[in-house]
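Student: Here it is: the structure, laid out below.
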Amino acid sequence: MAERDRVARYVSLVDAIRKCRKCPLHLHRKNPVPGEGPLDARVMLVGEAPGRREDETGRPFVGAAGHLLDALLGLAGLKREEVYITNIVKCRPPGNRDPTQAEIRACLPYLLEQIDIIRPGLLIALGRHAGRTLFSLLGRPWRGLSAEHGVPIRGTIKQLGLEVEVIATYHPAAALYNPQLRSVIEEDFRGSIREEASKLLAGRGRDARRGRSLLDFF
């Protein structure tokens, strides 16, 4: 896809997300959180929903869980500025509750459009809602994070005709509330996520891979 076309589609998508009234979450938000990162990123991280700090700033993963995510990316040999980060749901659920299935369905077309614009090779699902959603896009059954975390799954998103690798792991916030999970998440990033990401980035200059991000336009 030509960069001009990619940028135009992305700008239109962000505008649609900012104006979205598809579900009641828009009634409570301060800012929707579309996502950020290079528009040609090879690795895309998908969380569950924005939290309080994300709602205040309009940026994904900027709170305590975001600081941990930066460290986890380092374990995988990645930097925040070379991956694209978003969530299944673009607006904060009240009280940081889990997103409902109706809210996830309402937001899913935005996620599909993001994936189609960016065309990543690796999708990292952060949390059970993200894992279940991405597995469903591949037509794969979801057995829960305890069974699926850290295991690379290759499949095709039929709506987009895109073959991708999906790796699910626990949400960084889970490690903040349950320190026993931190070693599990760290091992996923240090192990399979690092291995799959390195394959995608092998032989490519990282500076050359960095495209324009949301912050370059808004």
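Student: Given +1 on the Cβ of Lys and Arg, -1 on the Cβ of Asp and Glu, and no further charges, what dipole in debye does region 1-149 carry about its Cα centre, rounded to the nearest 20?
Tutor: The dipole magnitude comes to about 420 debye.
Student: Filter K158/K199; K79/K199; K22/K158; K30/K90 down to the pairs with a C-alpha to C-alpha distance above 19 Å, please.
Tutor: Check vs 19 Å cut-off fails for K158/K199; K22/K158.
Student: On a full-extension model of 0.36 nm per residue, what is the gain between A202 and E163, subtracting their alpha-carbon distance, rounded to one decimal in nm?
Tutor: 12.2 nm
Student: Now, a different point. Given the DSSP H assignment, sum -39500 (n - 2.57) over each helix run of at least 4 residues in the chain and divide by its residue total; what's the result at 222 nm in deg cm²/dmol, nearest 500?
Tutor: Helix contribution divided over all residues of the chain: -12000 deg cm²/dmol.
Student: Oh, and also: Which shape class, rounded, prolate or oblate, goes with region 3-216 when its Cα gyration tensor gives a ≥ b ≥ c as root eigenvalues, a/c under 1.5 marks rounded, and past that a/b bigger than b/c marks prolate?
Tutor: rounded
Student: Right, another one. Running a GNM on the chain with Cα contacts under 10 Å, which residue among L45, L122, L145 ends up with the highest mean-square fluctuation?
Tutor: So, out of L45, L122, L145, the one fluctuating most is L145.
Student: When Lys and Arg each count +1 and Asp and Glu each count -1, what net charge do the other residues less than 12 Å away from P99, Cβ to Cβ, add up to?
Tutor: Taking every Cβ under 12 Å from that of P99, the sum is +3.
Student: Let me ask something else about it. Quick one: of the DSSP bridges fully inside the chain, what percent are antiparallel, nearest 5?
Tutor: Around 30 percent antiparallel, to the nearest 5.
Student: Tell me whether region 71-179 comes out rounded, prolate or oblate; compute the Cα gyration tensor, take square roots of the eigenvalues as a ≥ b ≥ c, and use a/c under 1.5 as the rounded threshold.
Tutor: Cα axes put region 71-179 in the rounded bin.
We did not get these values from a lab; they are worked out from the coordinates using the rules stated. Quick caveat: nothing in here was measured; it's all calculated off a predicted structure. Methodologically, a virtual Cβ is constructed for each residue, glycine included, from the backbone with ideal geometry; neighbour enumeration extends over all protein chains shown.
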